[in-house]
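Asks: The following block contains the structure, expressed as structure tokens.
Taken together, the values in this text are just the output of simple stated rules run on the coordinates, not laboratory data. All of these numbers come straight from a predicted model, not from anything done at the bench. Glycine gets a Cβ as well: all are built from the backbone with ideal geometry, and neighbour counts include every protein chain shown.
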Amino acid sequence: MLKEGLINEFLHETENTRKLLKAIPDAALNWKPAEKSWTTAQLASHIAGLYDWYDKVINLDDFALDAYHYDRGDLSKAANIVAKFEENAERAQRALENFDESTAKRPWQMTMRGHEAIAPTPKIVIIRSVLFNHVYHHRGELVVYLRATGHKVPGLYGPTAEGTR
């Protein structure tokens, strides 16, 4: 039951992520709202990259961030970011489909250089917070980026202020 709910939400929200990433024009990729902010390309790539974490959360109990290497690929074209997202989302879906619900309460932790980055936390909490909610948070930022650069935002939960669906 738990897994079924996670998969249903994943499929629905992955489609929303796909629509949003596909709405990014190449002309907006280098824009950022402030000096210390990410560019649109970096933010979109981070969103796509979070889908690479599913198997690390679902199939591991300890994740050493400093040992993790993720190739973001070529960020000069929005289509490249979308392609990377598609690759990651497919693997993420398989990881969720193979998720053993009996491990949902098993502690998961993240370390960085031998130090605790995320304290041992039940996997289900990490799935909901780091994998799901984290993406939603950054999608909200990306919506602001698109609007700030004068681009239309696709409807994620119904029509947008621009009237798009």
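Asks: Over all directions, what mean area does the Cα convex hull of the stretch 113-163 project, stated in square nanometres?
Replies: 5.4
Asks: Ranked highest first by the average count of other Cβ atoms within 10 Å around their residues, in what order do 113-122, 39-48 fall?
Replies: 39-48, 113-122
Asks: Still on this model: Check the straight Cα-Cα distances from residue 32 and name the aspartates and glutamates below 15 Å, setting aside those fewer than 8 residues away within the same chain.
Replies: Reachable aspartates and glutamates: 141.
Asks: How big is the Cα convex hull of the chain in projection, averaged over all directions, in nm²?
Replies: Hull-based average projected area comes out at 10.0 nm².
Asks: Measure out, as a whole number of angstrom, how far apart the alpha-carbon centroids of the stretch 1-47 and the stretch 102-164 sit.
Replies: Centre-to-centre distance over Cα atoms comes out at 9 Å.
Asks: Going through the cross-link list 3/56; 3/152; 3/123; 3/105, which pairs have a Cα-Cα distance over 24 Å in this structure?
Replies: Checking Cα-Cα distances, 3/152 exceed 24 Å.
Asks: Can you list the HN-Hα couplings for the stretch 87-98, worked out from phi with the Karplus curve (6.51, -1.76, 1.60; θ = phi - 60°), rounded to whole Hz and with x for Gly and Pro?
Replies: Working through the residues one at a time gives 4, 5, 5, 5, 5, 4, 4, 4, 4, 5, 4, 9 Hz.
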